[in-house]
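K.L.:
Got a structure for you, written out below as structure tokens; questions coming shortly.
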Amino acid sequence: MKTKQNTLISVAGCHEVQIHYKRPIFDIQQKIKSSKDSHRILRSFIDTNRIDHKEFFWIVLLTNANQVLGISEIGLGCATGVTVNIKEICQLALLTNATAILVAHNHPSGTLEPSLADKKLTEKLKHTLDFIDITLLDHIIITSEHYASFVDNNWM
């Protein structure tokens, strides 16, 4: 015999949602103070043997003190572009309780100039993150030889 409570649960199809995240405990967390720090930390994470073949997109998740919580590769594209899911970026930032992020991608062509699509994505991402009180600190373009910062070049 079904009880009223069992009927409500089966009809509503309710499922409990839980978010689990445990901040990593490091003796010394890496801190980002400049685009140079961002570039150094990203270079230590990414596989530089692959960046001349395809475009990749990464997110660096940060505390309020700009300490690195984690880095994630969220996009793998082709030689001329990569698709980025802003929803996934927001999910990662919320899951890790990040108060700021920076994003980066590579240009296999070797050019450090952002494309129109790069600029539009950065603006859309910044606008979206503003709604959930997360700061977009920078967008870094990486090549085999060097890097370019949206902030340093006044592109954002």
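The values are calculated or read from the model by the stated rules, or taken from the named source; none is laboratory data. Just so it is clear, the model here is predicted, and its values are computed rather than measured. Methodologically, a virtual Cβ is constructed for each residue, glycine included, from the backbone with ideal geometry; neighbour enumeration extends over all protein chains shown.
K.L.:
Take the stretch 26-42 and flag every residue that is under 14 Å from residue 70 (Cα atoms) and either modelled with pLDDT of 90 or more or part of a helix (DSSP H, G or I) (or both).
P.N.:
Correct list: 32, 38, 41, 42.
K.L.:
In this structure, is residue 149 farther than 22 Å from residue 29 by Cα and either touching a helix residue (DSSP H, G or I) at 6+ places or on another chain (Cβ under 6 Å) or at pLDDT 95 or above (or both)?
P.N.:
So residue 149 passes the test.
K.L.:
Limited to the stretch 120-141, what total is found for residues that are more than 21 Å from residue 82 (Cα to Cα) and in a strand (DSSP E or B)?
P.N.:
So the answer is 1.
K.L.:
Every residue in the stretch 68-87 that is touching a residue at least 24 places away in the same chain (Cβ under 8 Å), among the small types (Gly, Ala, Ser) and closer than 27 Å to residue 29 by Cα, please.
P.N.:
Within the stretch 68-87, 70, 75 qualify.
K.L.:
Quick check on the stretch 57-71: of everything there that is part of a strand (DSSP E or B) and surrounded by fewer than 17 Cβ atoms within 10 Å (Cβ to Cβ), which residue is farthest from the chain's Cα centre (by Cα)?
P.N.:
Filtering first and then ranking leaves 67.
K.L.:
Follow-up. Regarding residue 102, is this residue within 25 Å of residue 127 (Cα to Cα) and modelled with pLDDT of 95 or more?
P.N.:
Yes.
K.L.:
Please verify whether residue 97 is at positive phi, surrounded by 12 or more Cβ atoms within 10 Å (Cβ to Cβ) and assigned to a loop (DSSP other than H, G, I, E, B), treating the condition exactly as stated.
P.N.:
yes
K.L.:
Suppose the filter is surrounded by 17 or more Cβ atoms within 10 Å (Cβ to Cβ) and either within 10 Å of the chain's Cα centre (by Cα) or of a type in the set (A, V, I, L, M) (or both); does residue 121 pass it?
P.N.:
So residue 121 passes the test.
K.L.:
Find the residue count for the stretch 123-152, including only residues that are out of contact with any Asp or Glu (no Cβ under 9 Å at 6 or more places or on another chain) and closer than 28 Å to residue 64 by Cβ.
P.N.:
Total satisfying the criteria: 17.
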